[in-house]
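Colleague: This is the structure, below, for whatever I ask next.
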Amino acid sequence: MNASGLSLSKKAVKAAKIKKVDQRLFYAIGYTALVMLALLCIVPFILILSSSLTDESKIVVDGFQLFPSEFSLEAYKILFKYPDQMINAYIVTIAVTAIGTIAGLFLTSMTAYCLSRKDFKWRNHFSFYFFFTTLFSGGLVPWYLLIVNYLHMKDTALALIVPLLFNVFYIIVMKSFMSGIPEAITESAKIDGAGDFLIFMRLILPLSKPALATIGLFLALGYWNDWYNALLFISNEKLMPLQYYLYKMLGNMDGMRKAMMGSGAVVTTSLPTEGLKMAMTIVASGPILIAYPFVQKYFVRGLTIGAVKG
């Protein structure tokens, strides 16, 4: 090997070593940053869990801590004092979330599919109609009168499901995703004799799993965390969802605490107000935290794809 060839091989080896060092440095910095971000995300949850297991007197004196200084289950005892009501609230919330998410996904995806079809004559008119509703609203009073006086949904499960079924933002995301599906797929299915609904059910929906998982998670979170519709339209205790049940319990606790303070009683240590708030957060967010890892991969993919497709 001549001198020029030897010099080139040394440069290549040196460049490979530098590249390897840079790669290791990149991985080290990247993993360190990810670990720090993960800790920043998990520390608040640990703080909530610890506070829910800490005696109220210690929270009042020492504040919130990462580890319970004095272990206590008093907040959870009060929270589950009436287990039948808690279980019923869970059942209502799970049922409303499941039915609402499935129905919302079906209506959202079907609407988005129609709007993504270039051969649909009125798609621009309907798109403008949906978009227009995001700019203007009739207000709370007309909406309440519509649900109660005209649709007669007061004290029914429909009052918890119907108001959250449709979301224009979800339709836009789903439409953007479906617009990226090649038209050759639908055209070949039509040649084989398939109708529009069959194409939608057998071809479009299976290809839209990432977007469906993303929108499904958003819908499920909306139904699970909803308490406002129950506050407006539900007075029957058997139809109270979990969030509204916890909201009422906390309101009753605050009212009791103020009444006892007004009578001159010392209540800072007898009623675990702060611990109860943290326990409610754990009880309300637990099922969603368990379900999220199963849809995480579809969730990330659906957001990125749906965001860049035109």
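The values are calculated or read from the model by the stated rules, or taken from the named source; none is laboratory data. These numbers were taken from a predicted model, which means no experiment stands behind them. Glycine gets a Cβ as well: all are built from the backbone with ideal geometry, and neighbour counts include every protein chain shown.
Colleague: Given 206, 210, 182, 163, which one is assigned by TED's automatic domain parsing to the domain that holds residue 238, farther than 30 Å from residue 290 by Cβ and not small (Gly, Ala, Ser)?
Modeller: Only one candidate passes the filter, namely 182.
Colleague: If I go through the stretch 134-153 residue by residue, how many of them are in a helix (DSSP H, G or I) and touching a Phe, Trp or Tyr at 6+ places or on another chain (Cβ under 9 Å)?
Modeller: 3
Colleague: Just name the residue that is nearest to residue 277 (Cα to Cα) out of those in the stretch 40-95 that are assigned to a helix (DSSP H, G or I) and in contact with a Phe, Trp or Tyr (Cβ under 8 Å, 6 or more places away or on another chain).
Modeller: Only one residue fits best here, namely 52.
The rows are residues; the columns are (1) loosely packed, with under 13 Cβ neighbours inside 10 Å; (2) in contact with a strand residue (DSSP E or B) (Cβ under 8 Å, 6 or more places away or on another chain); (3) touching a residue at least 12 places away in the same chain (Cβ under 8 Å).
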site: 39; (1), (2), (3): yes, no, no
site: 63; (1), (2), (3): yes, no, no
site: 67; (1), (2), (3): yes, no, yes
site: 101; (1), (2), (3): no, no, yes
site: 114; (1), (2), (3): no, no, yes
site: 120; (1), (2), (3): no, no, no
site: 124; (1), (2), (3): yes, no, no
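Colleague: Residues that are assigned by TED's automatic domain parsing to the domain that holds residue 288 and within 24 Å of residue 248 (Cβ to Cβ): does the stretch 99-109 have at least one?
Modeller: Within the stretch 99-109, one or more residues are assigned by TED's automatic domain parsing to the domain that holds residue 288 and within 24 Å of residue 248 (Cβ to Cβ).
Colleague: Which residue, of 29, 59, is crowded, with 18+ Cβ neighbours inside 10 Å and more than 25 Å from the chain's Cα centre (by Cα)?
Modeller: Of the residues listed, the single one that is crowded, with 18+ Cβ neighbours inside 10 Å and more than 25 Å from the chain's Cα centre (by Cα) is 59.
Colleague: Does residue 80 fit the bill of being farther than 30 Å from residue 200 by Cα, at pLDDT 80 or above and surrounded by 10 or more Cβ atoms within 10 Å (Cβ to Cβ)?
Modeller: yes
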